[in-house]
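Have a look at the structure below, then the notes.
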Amino acid sequence: MNTTDIQIALCGSAGDGTIAAGDILRNAVAAMGYRVICFDVYPPEIRGFGKCISRVRITKEQTYALKRQSDLLVSLDDSHAIPHAGEVRTDGAIVYESKPVAHCPEGSHMSGHILPGQIPYGIPLRELAEKATGGARSRNLVVLGVIAGLLGFSPVPFQKIIEKKFAKQGAGVVSRNLAGFQSGYEAGQNTFKLDNVFCVPMESVPAAGKVVMLSGNAAVVQGCMDAELNTFFGYPITPATTIMERLATAMPKRGRRLLQTEDEISAIAATIGAGYTGSRAATATSGPGLALMAEMLGLATMAEIPCVVFVSQRGGPSTGMPTKTEQSDLNAALYGSPGDSQRIVIAPTNVEGCYRCAGKAFEMAEKYQTPVIVLLDLYLSNRYETVTLVASGPPFNLNANKPLRRLEAGEQYHRFAMTEDGVSPRAVPGDAGCMHVVTGLEHNTLGRPNDSDENHTAMSHKRHSKLQGALQHPDFTVTKRIGHSGRVKVGILAWGSTFGECLEAMFMAHAEGISCAAMKVVMLSPFPIDAVTQFMDDCDHVLVPEVNYEGQFAQLLQGLLARPVVRLSRVPGSPMPVELILGEIRRLAGAV
Amino acid sequence: MVAQVSSSASSPHRYVIIGNGVAGNQAAEGLRERDPDGLITIITNSRMLFYNRYLLPQLFRAHQDWRALLAYPPGHYEKHRIRVLRDCWVTAVDSRKRQVMLAHNEAISYDTLLVATGGRPYLPEELVECRHLIHPFGTYEHALAVRKALPENGSVVMLGGDMIGLDLARTLLDLSYRVILVTHENTFWPHQPVGEERSKFLAILQKMGLEVVDGDAMGGVVAIEKGAAGLPERRVRFRQGGDIYGDIVMSFYGLSPLVEFMMKSGTDIERGLLVGTNLRTSDPHIYAAGDVCQIWSEKDNVYRFYYGHRNVRAMGAVAALNMTGGNEHFSTTQDEALFQNEQGHIDSPFWAYD
Ligand SMILES: Cc1cc2nc3c(=O)[nH]c(=O)nc-3n(C[C@H](O)[C@H](O)[C@H](O)COP(=O)(O)OP(=O)(O)OC[C@H]3O[C@@H](n4cnc5c(N)ncnc54)[C@H](O)[C@@H]3O)c2cc1C
């Protein structure tokens, strides 16, 4: 066996340090050179109850999604971990507390739920933590040590990350956590290994700083910073909050401004206001916030003001399921404003894509003078992946504004001048001689209110036609086909975070000899009709997996292209299972 | 023959078996056959499913993954709905509440309990302090550790030499290792040849290639130490001097029944759990089978142990029948005498595995 592909699930209660342990684990293995994908699930509550799971997939080669089955489950709280015991594969292992202090009611201990094909590793986690540190708080570090010891990882990358992570809390905390880790490490090393979960050591370790571990939201922030985002207004909402939190740390250091507003209406209004003044501006929210922003987004469309809105979707409608993932805000993003208010909507499919889409969103907003919505979802926002950084500077054009022509003496500035591509040269307040009116009312080229039928028709056409340019936006992947070329039995069309699961399923189908290809559609508005039509023409069957109930993307496809597609719409609150997609591929290919 | 169904789907009978060995597994199978709806739970302190320990010496011939030694594939337990709690230590049985207490602070309730915990290797008092210098040999993990510690053509000092040890010894000799047997009254355990017969079998062992040291004549082993530099790893010291050396030391003094956790249960215990031929203990809800129990022998007028695979399996089957309302009696069908086989080697029904 010369490959590595293992998935570890850490499961505990809020307050057990489960997510922190997952964080150290993924950073340590990334430092060793492995590719990593992780996704944390945590409760809406802060501490004391609610389930936390951190799943970490560690591979030698790049992969695209988590696996349905984990190789190792580590329980910090059996009441939460027991329902996940079945997720461990045969010959995989389950690590759990063998000496709980409290009495366990019958059936509440993990040992009673381990299937015959799985390997039980009862370890006295609390006792080890107490012996090593004098308290049970570092049980999560003990667990981390057990994992590292069991899998034969070097302890050094873990130790370095522990030192860094806890440095601010003082030397005592660092040394206690290191001692906890060490005692777990020895226990893991001394455990007689019965499972068959192996990690092949990496031959080469990436140069420091070349490969980074980022969450989707962190990548968005990195993209914003590299695109020189200047002003950000936001109101916290899961799962978008961490975008604002991270920007709040990063922006002031570079002299940029961030303001937490009183609500989402205020946030978008301020963003549009800043955009109007020429400041590069953005906000971030989730479905309920997007609903509140709908009217203001219409203003940005009408007044042709660049602004970027990051929308991280969660289970809806309404407050819905704040800590569960879903892709059900597509319709709201595409159509959620009154009037004919088309805007650009793009949806990255992985963490690296979050970075690129974030930066490109500003380019597009400025180039086409329009709101741009970047559609994320909880799975993508919170998922961590190893990302290889580009060697040269940020790949974004920071001067995408259509240049202003010098006005002739006495010439009047037409802010909404009709041009071939529909984009008018834009002046911002203060540009000499460029005084103009900006309003939400329909207006003429000068910006003055005008509701004549000819004007409204011409302006509507202008506002829509200029967006078509985005389909050829430089250095931007609007769609991408992967997999078998030419005619295929099954084509998978997907958008957003689900595309990773689609790729995994497609590669599994390839291994079974099924001819199939997948296309990701990153730009959802304006819609790349030609590229998608061409792809559909190549496929006997088109499968559209998405995590929403209505099949919103499938509806979009059918509305625009009037072609039959096979819908695979599910709302489990979690990513679409790869096996489900694979099952559909097999069925469509006639392989079952 | 499915003669009796003692529980219904609405209130299934809870059978708990402590021990995942030959007796426990045979009983579990029998219980399932007799009571399709019963809840069957096996509890074991081992992390592994039931595997064939009789085959452990074969690991010296060729390494085998432990999965190859499993008596049943994992699917067997799922198919028969037998729950196996592994890595769980039973610390006590509360016969009043009918609960099995586990080391991790959980109590498992039973309607009928079978104790099938077998035995642990017996170690004479004077050697307990040197235990860390002795290689145990009861599990797959132990066998791999011995294999690792033993250099090619290396030497093993085998203390005692019960039939488990002698089984290993014959394999090691075959593979050109040196085996130095230090005799003890438990040599040949569970057989007890005496006088001339014992001498005859010792002579056969020598012919087979074992180096036999008369432990009694040397006053018995008093200590085991690390060998000095340039000498083999271990030094075995005798009361009357005349140390011997080996790369590893192993002890095989027979097994003693694992019953400590039953001490406060109120059931009758002598050395093992005392049972009638129906394998029921003095508590009507508790049965015992395998190496852990002493069965009443009408013939000998004593409670006695019956060893060997065939006996232990038969006990598991009888226990299952009686736990589900039957009235069966255990009687041995196994020959108990040590003998010399056609190759001139010693042989024993204890080594038969079927
Ligand atoms: C290496 C080796 C080779 C052997 N070779 C032979 C041979 O060739 N012929 C022969 O007849 N016999 C042999 N034996 C002995 C043989 O194993 C037993 O005679 C027979 O297996 C007894 O079966 P049993 O079911 O009574 O107990 P065992 O097979 O010993 O099973 C006892 C079970 O109880 C569990 N247990 C014990 N205490 C606890 C506790 N407190 N909590 C939870 N679980 C507990 C153990 O984990 C184990 O699963 C050998 C033994 C060993 C170790």
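The values are calculated or read from the model by the stated rules, or taken from the named source; none is laboratory data. For clarity, every value in this text was computed on a predicted model and none was experimentally measured. Every residue, glycine as well, gets a Cβ built from its backbone with ideal geometry; the counts of neighbours run over all protein chains shown. The area values use the complete protein model at the heavy-atom level, side chains included, leaving out ligands, DNA and RNA. Shrake-Rupley method; radii C 1.70, N 1.55, O 1.52, S 1.80 Å.
Just the residues that are charged (D, E, K, R) and either part of a strand (DSSP E or B) or open to solvent by less than 50 Å² (accessible area, probe 1.4 Å) (or both), please, taken from the range B:172-218.
Listed by number, the residues that qualify are B:Arg178, B:Arg198, B:Glu211.
Could you tell me whether any residue of the range B:51-62 is facing another protein chain (nearest Cβ under 10 Å) and closer than 19 Å to A:Gly92 by Cα?
no
Say we look at the range A:367-390 and pick out the residues that are in a loop (DSSP other than H, G, I, E, B) and touching a strand residue (DSSP E or B) at 6+ places or on another chain (Cβ under 8 Å); which of these is nearest to A:Ile58 (Cα to Cα)?
A:Leu389
Looking at A:Ser75, is it more than 13 Å from chain B (Cβ to nearest Cβ) and either touching a strand residue (DSSP E or B) at 6+ places or on another chain (Cβ under 7 Å) or open to solvent by 40 Å² or more (accessible area, probe 1.4 Å) (or both)?
Judged against the criteria, A:Ser75 is not a match.
Give A:Glu228, A:Glu245 a once-over and let me know the one that is modelled with pLDDT of 95 or more, of a type in the set (D, E, K, R) and in a loop (DSSP other than H, G, I, E, B).
Being modelled with pLDDT of 95 or more, of a type in the set (D, E, K, R) and in a loop (DSSP other than H, G, I, E, B) holds for just one of A:Glu228, A:Glu245, which is A:Glu228.
Looking at the range B:303-354, which of the residues that are more than 16 Å from the chain's Cα centre (by Cα) and assigned to a helix (DSSP H, G or I) is surrounded by the most Cβ atoms within 10 Å (Cβ to Cβ)?
Here the residue is B:Ala319.
Only residues that are in contact with a Ser or Thr (Cβ under 7 Å, 6 or more places away or on another chain) and either over 13 Å from A:Gly469 (Cβ atoms) or modelled with pLDDT under 95 (or both): list them for the range A:414-433, please.
A:His414, A:Arg415, A:Phe416, A:Ala417, A:Met418, A:Val428, A:Pro429
For the range B:17-28, indicate whether the set of residues that are open to solvent by 20 Å² or more (accessible area, probe 1.4 Å) and more than 9 Å from the ligand (Cβ to nearest atom) is non-empty.
no
Determine, yes or no, whether B:Ser11 is more than 16 Å from the ligand (Cβ to nearest atom) and outside any helix (DSSP H, G or I).
Answer is yes for this residue.
May I ask you to say which residue of B:Gly138, B:Gly161, B:Gly154, B:Gly165 is open to solvent by less than 10 Å² (accessible area, probe 1.4 Å) and within 13 Å of the ligand (Cβ to nearest atom)?
When all the criteria are applied, what remains is B:Gly165.
Exactly one condition in (1) in contact (Cβ under 8 Å) with a residue 40 or more places away in the chain; (2) open to solvent by less than 30 Å² (accessible area, probe 1.4 Å); (3) more than 23 Å from A:His484 (Cα to Cα); (4) not hydroxyl-bearing (Ser, Thr, Tyr) is false for A:Glu550; which is it?
Among (1) in contact (Cβ under 8 Å) with a residue 40 or more places away in the chain; (2) open to solvent by less than 30 Å² (accessible area, probe 1.4 Å); (3) more than 23 Å from A:His484 (Cα to Cα); (4) not hydroxyl-bearing (Ser, Thr, Tyr), the lone unmet condition for A:Glu550 is (2).
Okay, residues lined up against (1) part of a helix (DSSP H, G or I); (2) touching a residue at least 12 places away in the same chain (Cβ under 8 Å); (3) not assigned by TED's automatic domain parsing to the domain that holds A:Ile24:
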| site | (1), (2), (3) |
| --- | --- |
| A:Pro116 | no, no, no |
| A:Val143 | yes, yes, no |
| A:Ser154 | no, yes, no |
| A:Val173 | yes, no, no |
| A:Phe181 | yes, yes, no |
| A:Gly184 | yes, yes, no |
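Residue by residue through the range B:177-196, note down the ones that are touching a residue at least 24 places away in the same chain (Cβ under 8 Å) and either away from the ligand (no atom under 16 Å from the Cβ) or in the same structural domain as B:His309 (by TED's automatic domain parsing) (or both).
B:Tyr177, B:Arg178, B:Ile180, B:Leu181, B:Val182, B:Thr183, B:His184, B:Glu185, B:Pro193
Those residues that are free of Cβ contacts under 8 Å to residues at least 12 places away in the same chain and not small (Gly, Ala, Ser), I need them from the range A:245-263; list them, please.
Matches in the range A:245-263: A:Glu245, A:Thr249, A:Pro252, A:Lys253.
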